[in-house]
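Note sheet for the following structure.
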Amino acid sequence: MNSTLTSDFITYTRELFGEEVWQKYLHSFDEPTPVSVRLNPFKPLSSLASYHLPFGDPVPHCKDGYYLTERPNFTLDPLLHAGAYYVQEASSMYLDKIIRKELSTFNFQLSTVLDICAAPGGKSTLLRAALPEDVKLFSNEPDRKRANILMENMQKQGHPNVVVTNNYPSDYKKSGLLFDLILTDVPCSGEGMFRKDPATIKEWSVQNVMKCQQLQRSIISDIWDCLRPGGILIYSTCTFNRHEDEENIEWIKDNFEAEQILPAKRFIPGVDRGEGLFMAVLRKMSTDVTIKRQNMQALRIMHDGTKGQEGQEVQKVQKVQRVQGRKDSSLSHSEALSIATPQDKYPRVELSREDALKYLHRESLVLPEETPRGYVIVTYQNLPLGFVKNIGTRANNLYPQEWKIRNLNP
């Protein structure tokens, strides 16, 4: 693997790291990639043993993070699909420490938070878990396909105080919305992903690094006006080079009224137990309190858990779900997964692991005879998986087609 690293990358990064760290980094390519998960505090099980995962050490900088001793087949674990945990790289969980511990010393008041480049949802689900429960989280992804994955993961988290959008940063600038904290986990050259995803090595070049630097700066420029005076900007990449990391932090400080309030943190494979990450925290020093007119119509809202709606588009027309060949706008799959749904609103039926996997494969089920007709929430280990419609002889599967498990073979 080391021989595929380009000479430009080797020369620059070796100097950046220093010889001792560089050798540790090279050695990491010969070591297994760590596997880690983060438990969802909104859907806790009775004990770690209940998850049936090979838990190892806790992740030291994340309250609910754990390393695993081996990588299981996550796809065939109903608890993953129920939102009991999220598979997340350990270095990126450092965000948990910033939110829970580092920022708490500044006594910042948070009411609205934005994750501007959020797919597939690792840092957004972490934010939702670490932030006070009454904080509204906007989770955005510009790419529509990736935004659908983000929406799925945020719904499975179960917390209703989440809005998922599919917009460019410039759309947020037009919206006039203001946020107390903005996470910019910006697209980057991906140097920290080299050992996890070898394809990123082939995509790397000096030209791409500089192209990423300019893209990152354009995102910050677009989103800066959405940050309240005194608000917090968390800047993050999964790359090592100073062009996309420290140089961009200096650029933000030089071009905007910003100060860095916490030391930047860089994770390096071989030195840290995880993949590459850079994270820095800045505060907006401006005292301008001009109230801007907010225009939510500037945003394409895919899911608004704060209003109990799903699939809302820019025209504010609720997407209706097809149930048994007809439209039924009263049924929203996010309602089944939400921790805010009253336990007695729908009948619930507990499934075995075998039947839970059948459900996730979108097969019909046969429920106990005493199960009421109509909409029923099926559960696994008492966590909701979603809806079925019980018609007596069978229960028709209403699990979203796009969430379906494609293959049940290990």
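The values are calculated or read from the model by the stated rules, or taken from the named source; none is laboratory data. It should be emphasised that the depicted structure is a prediction, and the values quoted were computed from it without experimental measurement. Cβ coordinates were reconstructed from backbone atoms using ideal geometry, including for glycine residues, and neighbour counts include every protein chain displayed. When the accessible area is computed, the model is the full protein with side chains, heavy atoms only, and any ligands, DNA or RNA have been set aside. Shrake-Rupley method; radii C 1.70, N 1.55, O 1.52, S 1.80 Å.
Please count how many residues of segment 40-55 are open to solvent by 40 Å² or more (accessible area, probe 1.4 Å) and in contact (Cβ under 8 Å) with a residue 60 or more places away in the chain.
Within segment 40-55, residues that are open to solvent by 40 Å² or more (accessible area, probe 1.4 Å) and in contact (Cβ under 8 Å) with a residue 60 or more places away in the chain number 1.
Out of curiosity, is residue 356 modelled with pLDDT of 90 or more, of a type in the set (A, V, I, L, M, F, W, C) and in a helix (DSSP H, G or I)?
Answer is yes for this residue.
Would you mention how many residues in segment 374-387 are in a strand (DSSP E or B) and touching a Lys or Arg at 6+ places or on another chain (Cβ under 9 Å)?
9
Can you name every residue in segment 351-382 that is closer than 20 Å to residue 155 by Cα and charged (D, E, K, R)?
Correct list: 362 only.
Answer yes or no: is there a residue in segment 76-90 that is in a helix (DSSP H, G or I), in contact with a strand residue (DSSP E or B) (Cβ under 7 Å, 6 or more places away or on another chain), open to solvent by 10 Å² or more (accessible area, probe 1.4 Å) and of a type in the set (Phe, Trp, Tyr).
Checked segment 76-90: no residue is in a helix (DSSP H, G or I), in contact with a strand residue (DSSP E or B) (Cβ under 7 Å, 6 or more places away or on another chain), open to solvent by 10 Å² or more (accessible area, probe 1.4 Å) and of a type in the set (Phe, Trp, Tyr).
Can you spot a residue in segment 329-347 that is at pLDDT 95 or above, open to solvent by 60 Å² or more (accessible area, probe 1.4 Å) and polar (S, T, N, Q)?
no
Tally time: how many residues in segment 6-29 are assigned to a loop (DSSP other than H, G, I, E, B) and touching a residue at least 12 places away in the same chain (Cβ under 8 Å)?
2
For segment 141-243, which helices (runs of 4 or more DSSP H) that fit wholly inside it have 1 or more residues that are within 30 Å of residue 102 (Cα to Cα) and either of a type in the set (Gly, Ala, Ser) or modelled with pLDDT of 95 or more (or both)?
144-157, 169-175, 206-223
Among all residue pairs at least 6 apart or on different chains, which show Cβ distances below 8 Å where the first residue, located in segment 274-288, is touching a residue at least 12 places away in the same chain (Cβ under 8 Å) and assigned to a loop (DSSP other than H, G, I, E, B) and the second is surrounded by 21 or more Cβ atoms within 10 Å (Cβ to Cβ) and of a type in the set (Val, Ile, Thr)?
Qualifying pairs under 8 Å: 276/239; 276/268.
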